[in-house]
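Down below is the structure, laid out as structure tokens.
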Amino acid sequence: MSKKTVIFCDFDGTITVNDNIVAIMKHFQPPGWDQLVEQVLSKSISIREGVGKMFALLPTSRKQEVVDYAINNVVIRPGFKELLEHCKQNDIEFFVTSGGIDFFVYPVLSAFSIPTDHIYCNGSDFSGSHIEILWPHSCDDQCHNDCGMCKTAIIRGYSSDKYHRVLIGDSVTDFEGAKLVDTVFARSILVDLCRDLGLNYYAFNDFHDIIKQLEELKVK
């Protein structure tokens, strides 16, 4: 019996053209945000700590501004709708595994036919003086990276014995997951990691590239 294919797809900088968390920070410019981004990218602090501290710089009095900016400035990478249709036609299970935040991930993805239980992301709480990020999908006992939204924990729920596991991503939140799966579709700095580690990867610019490669691989 052939393995069923399952795709784990990043959101920020992958489904979307830009990284929405960085875009929010660049737009609202809370003091100290840029140092936090650098610390996350250099791995001197964890993703969870960095993202939590970034949003804690923004007062909840600006909630509507933040939400409106996050949603209205999203650009979807070409071919995403077509990839979802390809998955549907070929019985490929598709999950969004996002280090992004619920207040922009869910509204943006509501335009597409993705069940909400196939969307994993971080939560948010606007009840205090500053935005608090919540972590409903934190690391399991096999991950100690303090991911925030732990992609490897989700991937491990799909046994390599039964599934051909595919990751689509671009950045630091995808590093650990890329080491676990059978096939990686990578862009940006994830390409460098995959090349350095000798992982099975394909570089892509848009989702049309991925569809073409899936068809060539006969991944069904």
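The values are calculated or read from the model by the stated rules, or taken from the named source; none is laboratory data. Predicted model only: the values in this text are computed from it and were never measured. Neighbour counts are summed over all protein chains in view; Cβ atoms, including those assigned to glycine, are modelled from backbone coordinates with ideal geometry. Note: accessible area is taken over every heavy atom of the protein model, side chains too, but ligands, DNA and RNA are not part of it. Shrake-Rupley method; radii C 1.70, N 1.55, O 1.52, S 1.80 Å.
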Worksheet entry | At R0 = 45 Å, FRET efficiency that the Cβ-Cβ distance of S2 and S42 yields, to 0.05 | 0.60
Worksheet item: Given a Förster radius of 41 Å and the C-beta distance between E93 and T60 as r, what FRET efficiency does 1/(1 + (r/R0)^6) yield to the nearest 0.05?
Response: 0.65
Worksheet item: Among N145, N200, N72, whose mean-square fluctuation peaks in a Gaussian network model of the chain (Cα, cutoff 10 Å)?
Response: N72
Worksheet entry | Global geometry of the stretch 135-180, whether rounded, prolate or oblate, following the gyration tensor of its Cα atoms and the 1.5 cut on a/c | oblate
Worksheet item: How much of the accessible area of the stretch 74-137, probe 1.4 Å, is carbon plus sulfur, in whole percent?
Response: 51
Discussion item. Treating only the Cα positions of the chain as identical point scatterers, give the base-10 log of I(q)/I(0) from the Debye formula at each q in 0.12, 0.17 Å⁻¹.
Written reply: -0.62, -1.25
Worksheet item: Lys/Arg Cβ at +1, Asp/Glu Cβ at -1, dipole of the chain taken about the Cα centre: which of N145, I45, V67 is farthest positive-ward?
Response: N145
Worksheet item: Hey, quick one: spin label on Q35, modelled 7 Å out along Cα-Cβ, who in the stretch 45-62 has an amide N within reach, i.e. under 20 Å?
Response: 45-59
Worksheet item: How large is Rg/Rh for the stretch 121-220, to two decimals, with Cα atoms and a Kirkwood Rh?
Response: 1.04
Fill in: Charge dipole magnitude, Cβ of K and R +1, D and E -1 - the stretch 1-98, Cα centre, debye nearest 20
160
Worksheet item: What fraction, in whole percent, of alpha-carbon pairs in the stretch 53-170 exceed 23 Å separation?
Response: 39
Discussion item. I want the local charge near V191. Using Cβ-Cβ distances under 14 Å, sum +1 for each Lys or Arg and -1 for each Asp or Glu among the other residues.
Written reply: -4
Discussion item. If you take every residue apart from F80 with its C-beta less than 15 Å away from the C-beta of F80, what net charge results, scoring Lys and Arg +1 and Asp and Glu -1?
Written reply: -2
Worksheet item: Quick one: accessible area per residue over the chain, 1.4 Å probe, rounded to a whole number of Å²?
Response: 48
Worksheet item: Once both axes come from the Cα atoms, what is the angle between helix 80-89 and the longest principal axis of the chain, in degrees from 0 to 90, rounded to 10?
Response: 40
Discussion item. Just to be sure I understand the curve: with the Debye formula and one point per C-alpha of the stretch 1-67, what is log10 I(q)/I(0) at q = 0.11, 0.12, 0.14, 0.24 Å⁻¹?
Written reply: -0.35, -0.40, -0.51, -1.13
Worksheet item: Measuring from centroid to centroid over Cα atoms, what is the spacing of the stretch 70-91 and the stretch 1-32 in Å?
Response: 13
Worksheet item: If D125, D68 are ordered by their accessible area, calculated over protein heavy atoms with a 1.4 Å probe, which sequence runs from highest to lowest?
Response: D68, D125
Worksheet, complete the sentence: Checked the stretch 38-84 with the C-alpha gyration tensor, a ≥ b ≥ c its square-rooted eigenvalues, rounded below a/c of 1.5, otherwise prolate if a/b is larger than b/c and oblate if not; verdict oblate
Worksheet item: Which are the unpartnered cysteines of the chain, meaning those with no other cysteine Cβ under 4.7 Å from their Cβ?
Response: C9, C87, C121, C194
Worksheet entry | At 1.002 mPa s and 20 °C, Stokes D of the stretch 1-126 from Kirkwood alpha-carbon radius, µm² per second | 136
